[in-house]
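First the structure, in the form of structure tokens, and then the observations on it.
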Amino acid sequence: MSANEQPTRPMAKGPLIAATLGAAAVAALIVLGAILPAEFNRDPLGLGKLSGLSRLWAPDEKKVDVKGGSATLAHEYAAPFRTDTIEIPLGGFLDGADKSELEYKVRMKKDATLIYSWEVVGAADARDFHFDQHGHTTPAPGQPMTVATYKQAFGLKQQGALTAPFDGIQGWQFSNSSENRVVVRLKLAGFYDLIPSGQPGNESGVVANVPAKDARPGLDLAP
């Protein structure tokens, strides 16, 4: 040791403990207030939100133009949301076409949405039941009609959603070609209006939200 060097004295135990605890507290504050919010989206102290560090973990955003393109993705409707269950009894083919098939539709505005689900109760073979899902406008006499066909097929059930391409009526033509009498149990939800009995789309006078035995007043399916 040279003459100019002074001997180093070790830090006293008390200050050493205090310094160590202080360093640990600072390290914990950095982890909890900076690293966790920025890297793991966890902000136990709320400092990440205040400082903006909690945004660092998020992926880059790519915005979608919901009003551009061929269709608007978000809609609001003046009509209230509604749900209905319609149980439609159909005779077998031996009962005649007026009893074994019918058309049932609802009235919808352009861009309104209908969620639907139906199944045939009492039929065993999908080849014995045909449906034609379509819609059309209801123009004044002498005016052209706009028609849209969505699906024509044999089957015992269907479920999905429909957005109306125009003001008009939308629904199905159901045809039972089996020997069994069946019930079509149709569930609807969305933005639409039921069509009164006898009007286009409900010429058979089907009544909604009643048991199948009451859904077609005047229908005689007695043995």
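Give the number of residues within the range 123-178 that are in a helix (DSSP H, G or I) and in contact with a strand residue (DSSP E or B) (Cβ under 6 Å, 6 or more places away or on another chain).
So the count comes out to 2.
Being in the same structural domain as THR138 (by TED's automatic domain parsing), crowded, with 16+ Cβ neighbours inside 10 Å, of a type outside the set (Ser, Thr, Tyr) and within 18 Å of ALA78 (Cα to Cα): is that true of GLY171 here?
no
Out of all the residues in the range 184-192, is one or more out of contact with any helix residue (DSSP H, G or I) (no Cβ under 8 Å at 6 or more places or on another chain), closer than 18 Å to GLY135 by Cβ and not in a strand (DSSP E or B)?
yes
Taking the range 50-98, which residues are modelled with pLDDT of 65 or more, touching a helix residue (DSSP H, G or I) at 6+ places or on another chain (Cβ under 9 Å) and not in a loop (DSSP other than H, G, I, E, B)?
ILE86, GLU87, ILE88, PRO89, LEU90, PHE93, LEU94
Residue by residue through the range 84-114, note down the ones that are surrounded by fewer than 15 Cβ atoms within 10 Å (Cβ to Cβ) and either in contact with a Gly (Cβ under 8 Å, 6 or more places away or on another chain) or within 14 Å of THR163 (Cα to Cα) (or both).
Result: LYS110, single match.
Might you let me know whether the range 134-142 holds any residue that is crowded, with 17+ Cβ neighbours inside 10 Å and under 16 Å from ILE86 (Cα atoms)?
No: the range 134-142 contains no residue that is crowded, with 17+ Cβ neighbours inside 10 Å and under 16 Å from ILE86 (Cα atoms).
For residues that are polar (S, T, N, Q), under 22 Å from SER204 (Cβ atoms) and more than 19 Å from the chain's Cα centre (by Cα), scanning just the range 106-158, find the one that is modelled with the lowest pLDDT.
So, considering only residues that are polar (S, T, N, Q), under 22 Å from SER204 (Cβ atoms) and more than 19 Å from the chain's Cα centre (by Cα), the one modelled with the lowest pLDDT is THR138.
Do we find that GLY205 is under 23 Å from LEU90 (Cα atoms) and surrounded by 13 or more Cβ atoms within 10 Å (Cβ to Cβ) in this structure?
When the stated conditions are applied, GLY205 passes them.
Consider LYS151 carefully, then state whether it is within 16 Å of ILE86 (Cα to Cα) and exposed (fewer than 15 other Cβ atoms within 10 Å of the Cβ).
Judged against the criteria, LYS151 is not a match.
Are there any pairs with C-beta distances below 7 angstrom linking a residue in the range 191-220 that is under 17 Å from VAL121 (Cβ atoms) to a residue that is surrounded by 13 or more Cβ atoms within 10 Å (Cβ to Cβ) and among the basic types (Lys, Arg), with the two at least 6 apart or on different chains, and if so which?
Correct list of pairs: VAL206/ARG216; LEU219/LYS99.
Please verify whether ALA161 is farther than 17 Å from LEU90 by Cβ, small (Gly, Ala, Ser), assigned by TED's automatic domain parsing to the domain that holds ILE88 and in contact (Cβ under 8 Å) with a residue 24 or more places away in the chain, treating the condition exactly as stated.
Criteria met by ALA161.
The values are calculated or read from the model by the stated rules, or taken from the named source; none is laboratory data. Being a predicted model, the structure only gives us computed values, none of them experimental. Glycine also receives a Cβ, built like all others from the backbone with ideal geometry; neighbour counts cover every protein chain displayed.
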